[in-house]
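The values are calculated or read from the model by the stated rules, or taken from the named source; none is laboratory data. Predicted model only: the values in this text are computed from it and were never measured. Here the Cβ positions follow ideal geometry from the backbone for every residue, glycine too, while neighbour counts run over all protein chains shown.
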Amino acid sequence: MRPVVTLLTDFGLDDTFVGQMKGVMLGLCPSLQLVDLTHSVPPQSVVTGAVHLRWAWCWFPEGTIHIAVVDPGVGSDRRAIAFRFRGHIFIGPDNGLLALLLGEQEPDQVVELSTNGGGISNTFHGRDVFAVAAGRIAAGDSLLDLGHEVPATSLIRLEIPEPVVGRNSIEGEILLIDHYGNAMTNIRSSMTPDPIIRWNVQCGEFQVERISSTYADVQTGQPLALVSSMNTLEIAVRDGSAAARYDLTCGMQVRLTLPNAETMSKEATT
Amino acid sequence: MRPVVTLLTDFGLDDTFVGQMKGVMLGLCPSLQLVDLTHSVPPQSVVTGAVHLRWAWCWFPEGTIHIAVVDPGVGSDRRAIAFRFRGHIFIGPDNGLLALLLGEQEPDQVVELSTNGGGISNTFHGRDVFAVAAGRIAAGDSLLDLGHEVPATSLIRLEIPEPVVGRNSIEGEILLIDHYGNAMTNIRSSMTPDPIIRWNVQCGEFQVERISSTYADVQTGQPLALVSSMNTLEIAVRDGSAAARYDLTCGMQVRLTLPNAETMSKEATT
Amino acid sequence: MRPVVTLLTDFGLDDTFVGQMKGVMLGLCPSLQLVDLTHSVPPQSVVTGAVHLRWAWCWFPEGTIHIAVVDPGVGSDRRAIAFRFRGHIFIGPDNGLLALLLGEQEPDQVVELSTNGGGISNTFHGRDVFAVAAGRIAAGDSLLDLGHEVPATSLIRLEIPEPVVGRNSIEGEILLIDHYGNAMTNIRSSMTPDPIIRWNVQCGEFQVERISSTYADVQTGQPLALVSSMNTLEIAVRDGSAAARYDLTCGMQVRLTLPNAETMSKEATT
């Protein structure tokens with residue numbers, strides 16, 4: 001049995017902070033399978049970390065333990081929490097970083113972790129609280145061995161805007177720019193009525209008249225919109241950076257509209 | 001038994017793409033030993049990825065599974081492949097990324113992987129095709145369980161220029177600039193006749209009159225040429241960056257010549 | 001049994017050097033648990049690497065093997081060494097990189113590793129000497145199987161300045177700037193007499209009149225000094241970068257002083 005632990009932080013890779021967390025966990029459970037999700041969340045950017053975690057956790061097997069630490073409130077009275085959801089365990093600060101992945105659902109069990117005690121620093125709960133909790137869970141402890149249960153409704157939730165879905169338009173925004181300069185939006189493929197391909201997509205100077213099914217549908221250097229591997233609308237340039245070309249940034253509005261002709265023919269048939 | 005899987009991509013480490021691949025593999029084979037080769041291949045740079053893989057795979061034990069994903073053609077009709085070579089398994093797109101390491105040889109068995117089917121995105125075959133294939137191989141499947149056999153001769157090959165070896169000169173080029181600013185060339189140590197130390201090396205503004213055996217043969221800040229740990233000619237500056245000092249870039253011509261005196265004495269004795 | 005091996009280098013993550021080391025180790029000991037401490041030590045910066053290692057190793061369980069490679073003297077007559085200290089094994093070049101963590105103590109056993117022999121390059125002892133040594137130790141070899149014993153007093157030691165502790169002042173310096181722009185100093189919390197909170201801290205343009213217990217003690221954007229998770233004095237800006245704001249760099253003097261009033265009241269009561 002090799003419990004999987006994933007780590008997502010804003011610690012970067014230049015220091016040994018992530019390594020220290022892993023050392024603590026391996027001291028508690030030597031058989032761990034450790035996987036880095038990313039440590040490049042912009043410092044203190046809870047929303048970016050939450051979006052990354054929301055899109056990544058579900059690709060891991062049931063029983064996986066996920067630690068996430070983007071924690072500007074470390075040492076304050078913000079709570080340290082752990083919860084179980086769909087057979088996975090999530091551990092981190094109670095600042096919305098973890099709770100975003102719940103969507104409109106609630107976790108099965110939530111505990112508040114103790115942040116007092118010998119050897120707990122005021123500045124590095126990633127190592128002294130969250131890694132200890134993950135190591136103990138991996139070694140067989142239950143959530144209730146780690147702290148006292150608190151109501152699921154008490155979790156801090158981030159307020160991330162949901163797209164506005166109208167009859168002939170959808171207005172969303174850019175959540176993340178990825179390594180290639182592709183812009184990931186909050187518009188999920190399930191929001192766009194069939195046929196998905198007939199929508200105009202516009203974001204700042206970016207504009208296309210249909211949704212493609214893959215990068216190779218357009219020529220090198222051409223813009224396109226497509227459904228990403230996270231099932232969200234993605235704005236891209238084939239073999240290039242859409243973010244650089246069109247000055248795209250997180251939070252920019254993205255607008256899908258049905259062109260007039262399409263609208264009319266659709267209206268006629270409904 | 002802990003099968004080793006290496007990963008080489010152009011995904012970077014800022015997103016969770018690599019983590020998602022690892023999650024999929026661990027769901028199929030929990031005992032994996034996962035090793036990152038690099039995820040910093042410049043976006044879409046198949047040649048750079050191929051050179052990195054060619055120099056790295058052979059340091060792993062027999063039975064290792066290598067996934068490489070630099071895949072500008074994802075979603076097009078480019079094939080997804082896996083092959084066995086010298087007891088290792090290689091998995092990735094059929095665009096030359098893997099085949100470069102074969103040199104003039106052929107793999108033992110090649111299969112084309114299916115890229116249709118439930119849950120396969122059009123944009124992320126790294127996770128949906130290649131990671132699944134690696135996880136299944138690690139869990140005990142054979143290559144033929146993953147797809148249908150295709151001729152080894154059908155593999156796409158990159159055309160990387162070979163050095164031109166003359167009687168008194170060798171002309172090659174820079175393949176990679178490493179983290180230190182050292183330039184790695186395509187001139188292999190086996191190409192230079194004995195005695196290796198008597199050659200002039202010239203590349204742009206860089207020039208030295210002999211080949212050193214190690215960095216410490218010259219003073220700090222001095223240029224040198226030496227045989228790298230990949231057994232190729234390397235251009236360096238001790239404790240400095242040759243690339244920055246001499247404006248070296250990939251593709252620049254590197255010229256080795258026998259100085260006149262040496263040439264004559266050698267000609268006299270042959 | 002899964003021996004833990006940590007790696008700390010200045011190799012960066014753009015090349016496959018770290019991966020090659022891991023491949024060699026896994027060939028010798030397939031059950032390894034591999035953990036990266038950091039590979040972002042500035043090229044050839046032995047002191048920075050030594051400080052990172054000194055603060056990180058102790059978080060790993062007894063029996064851990066630590067490889068550190070910041071090695072400007074590779075290929076020269078600098079020795080390759082391995083030693084045991086407090087139940088951990090340390091492997092690397094004998095240039096002070098490892099010895100700093102010993103403080104004023106001596107290791108239990110030191111051996112010099114052979115750097116001659118088939119397949120050992122002159123430029124990459126990380127792979128050809130140190131990874132081989134770590135893999136063999138992990139697989140069960142003893143230190144004496146790897147080389148001949150040498151006196152502990154023969155280890156090269158770095159000369160890192162110690163703080164000057166006076167009656168009413170402490171003068172230290174910045175050792176590291178971390179990912180957030182926090183400055184880590186060489187002033188340990190044990191050096192400051194009780195009560196720690198009454199000291200003035202000054203470093204260049206940075207100045208605060210007390211030592212805080214955590215980041216949240218001040219408002220966002222405000223400067224503070226606190227005891228870091230490494231139990232050293234740290235200079236920070238809440239939710240910001242102290243290094244950027246105050247132009248802090250490694251080596252800058254940091255001065256703690258007791259303000260006059262405090263000094264007098266303390267003197268009166270002692």
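Of the residues making up the stretch B:94-112, just one is within 18 Å of residue B:21 (Cβ to Cβ) and touching a Phe, Trp or Tyr at 6+ places or on another chain (Cβ under 8 Å), namely B:98.
Regarding residue A:49, is this residue within 21 Å of residue A:13 (Cβ to Cβ), touching a Ser or Thr at 6+ places or on another chain (Cβ under 9 Å) and either buried (at least 24 other Cβ atoms within 10 Å of the Cβ) or of a type in the set (Gly, Ala, Ser) (or both)?
In short, yes.
I want to confirm something. Restricting to the stretch C:198-238 and keeping residues that are in a helix (DSSP H, G or I) and within 13 Å of chain A (Cβ to nearest Cβ), which single residue is surrounded by the most Cβ atoms within 10 Å (Cβ to Cβ)?
The initial filter retains those residues of the stretch C:198-238 that are in a helix (DSSP H, G or I), namely C:198, C:215-217.
From the residues that got through so far, the ones that are within 13 Å of chain A (Cβ to nearest Cβ) too are C:215-217.
Working: C:215: 25, C:216: 20, C:217: 16.
Filtering the stretch C:198-238 for residues that are in a helix (DSSP H, G or I) and within 13 Å of chain A (Cβ to nearest Cβ), the one surrounded by the most Cβ atoms within 10 Å (Cβ to Cβ) comes out as C:215.
Is it true that residue C:172 is outside any loop (DSSP other than H, G, I, E, B) and either within 14 Å of chain A (Cβ to nearest Cβ) or under 17 Å from the mean Cα position of the chain (by Cα) (or both)? Considered against the rule, which asks whether it is outside any loop (DSSP other than H, G, I, E, B) and either within 14 Å of chain A (Cβ to nearest Cβ) or under 17 Å from the mean Cα position of the chain (by Cα) (or both), residue C:172 comes out as yes. Of all residue pairs spaced 6 or more apart or on separate chains, those with beta-carbon atoms under 9 Å, a first member in the stretch A:157-184 that is without any contact (Cβ under 8 Å) to a residue 24 or more places away in the chain and closer than 14 Å to residue A:233 by Cα and a second member that is part of a loop (DSSP other than H, G, I, E, B) and aromatic (Phe, Trp, Tyr) are A:178/B:11.
Checking the structure you have, find out if any residue of the stretch B:201-211 is among the aromatic types (Phe, Trp, Tyr) and touching a Ser or Thr at 6+ places or on another chain (Cβ under 8 Å).
no
Given the criteria over 24 Å from residue B:216 (Cα atoms) and touching a Gly at 6+ places or on another chain (Cβ under 8 Å), does residue C:60 qualify? If you could, list the steps in order and put the result at the bottom.
Working: over 24 Å from residue B:216 (Cα atoms): yes; touching a Gly at 6+ places or on another chain (Cβ under 8 Å): yes.
Here the answer is yes, as residue C:60 does meet what is asked.
Consider the stretch B:224-248 and keep the residues that are in contact with a strand residue (DSSP E or B) (Cβ under 7 Å, 6 or more places away or on another chain) and of a type in the set (S, T, N, Q). The one that is modelled with the lowest pLDDT is B:231. Would you check if there is a residue in the stretch A:255-268 being at pLDDT 95 or above, within 23 Å of residue B:122 (Cβ to Cβ) and surrounded by fewer than 21 Cβ atoms within 10 Å (Cβ to Cβ)? No, the stretch A:255-268 contains no residue that is at pLDDT 95 or above, within 23 Å of residue B:122 (Cβ to Cβ) and surrounded by fewer than 21 Cβ atoms within 10 Å (Cβ to Cβ). For the stretch C:142-156, the set of residues classified as assigned to a loop (DSSP other than H, G, I, E, B) and surrounded by fewer than 14 Cβ atoms within 10 Å (Cβ to Cβ) consists of C:142, C:151, listed by residue number. With respect to the conditions (1) more than 8 Å from every other protein chain (Cβ to nearest Cβ); (2) free of Cβ contacts under 8 Å to residues at least 24 places away in the same chain; (3) among the hydrophobic types (A, V, I, L, M, F, W, C), residue B:59 lacks only one, and its number is (1). In summary, residue C:27 fulfils each of the numbered conditions (1) crowded, with 24+ Cβ neighbours inside 10 Å; (2) within 28 Å of residue B:39 (Cα to Cα); (3) of a type in the set (Gly, Ala, Ser) with the single exception of condition (1). Note down all Cβ pairs under 8 Å where the first residue falls in the stretch B:220-240 and is within 19 Å of residue C:21 (Cβ to Cβ), the second is acidic (Asp, Glu), and they're at least six residues apart or on different chains. From residues that are within 19 Å of residue C:21 (Cβ to Cβ), the pairs are B:228/B:234; B:229/C:128. Return the pairs, sorted by first residue and then second, in which the second residue is in a strand (DSSP E or B) and of a type in the set (D, E, K, R), the first residue lies in the stretch C:1-21 and is in contact (Cβ under 8 Å) with a residue 24 or more places away in the chain and within 16 Å of residue C:97 (Cβ to Cβ), the beta carbons are less than 7 Å apart, and the residues are 6+ apart or on different chains. Matching pairs, first to second residue: C:7/C:36.
Restricting the search to the stretch C:109-134, which residues are of a type in the set (D, E, K, R) and either more than 22 Å from the chain's Cα centre (by Cα) or surrounded by fewer than 20 Cβ atoms within 10 Å (Cβ to Cβ) (or both)?
Quick first cut of the stretch C:109-134, residues of a type in the set (D, E, K, R) only: C:112, C:127-128.
Once the filter is applied, which keeps residues that are of a type in the set (D, E, K, R) and either more than 22 Å from the chain's Cα centre (by Cα) or surrounded by fewer than 20 Cβ atoms within 10 Å (Cβ to Cβ) (or both), the stretch C:109-134 yields C:112, C:128.
For the stretch C:167-174, the condition of being at pLDDT 95 or above and closer than 27 Å to residue A:73 by Cβ holds for at least one residue. Condition check: surrounded by 15 or more Cβ atoms within 10 Å (Cβ to Cβ), closer than 29 Å to residue C:98 by Cβ and not basic (Lys, Arg). Does residue C:249 satisfy that? When the stated conditions are applied, residue C:249 does not pass them.
Residue B:137 - would you say it is under 30 Å from residue A:233 (Cα atoms), in contact (Cβ under 8 Å) with a residue 24 or more places away in the chain and surrounded by 21 or more Cβ atoms within 10 Å (Cβ to Cβ)? Please lay out each step first, then the result.
Details: under 30 Å from residue A:233 (Cα atoms): no; in contact (Cβ under 8 Å) with a residue 24 or more places away in the chain: yes; surrounded by 21 or more Cβ atoms within 10 Å (Cβ to Cβ): yes.
In short, no.
Of the numbered criteria (1) at pLDDT below 95; (2) in contact with a strand residue (DSSP E or B) (Cβ under 8 Å, 6 or more places away or on another chain), the one residue C:152 fails is (1). Scanning the stretch A:2-54 for residues being facing chain C (nearest Cβ under 7 Å), over 22 Å from the mean Cα position of the chain (by Cα) and in a loop (DSSP other than H, G, I, E, B) gives a total of 5. Checking the stated criteria, residue C:79 turns out to be more than 18 Å from the chain's Cα centre (by Cα) and not hydroxyl-bearing (Ser, Thr, Tyr). Selection of strands (runs of 3 or more DSSP E) fully inside the stretch B:62-135 by the criterion of at least 1 residues being within 13 Å of another protein chain (Cβ to nearest Cβ) and of a type outside the set (Lys, Arg) returns B:65-69, B:88-93.
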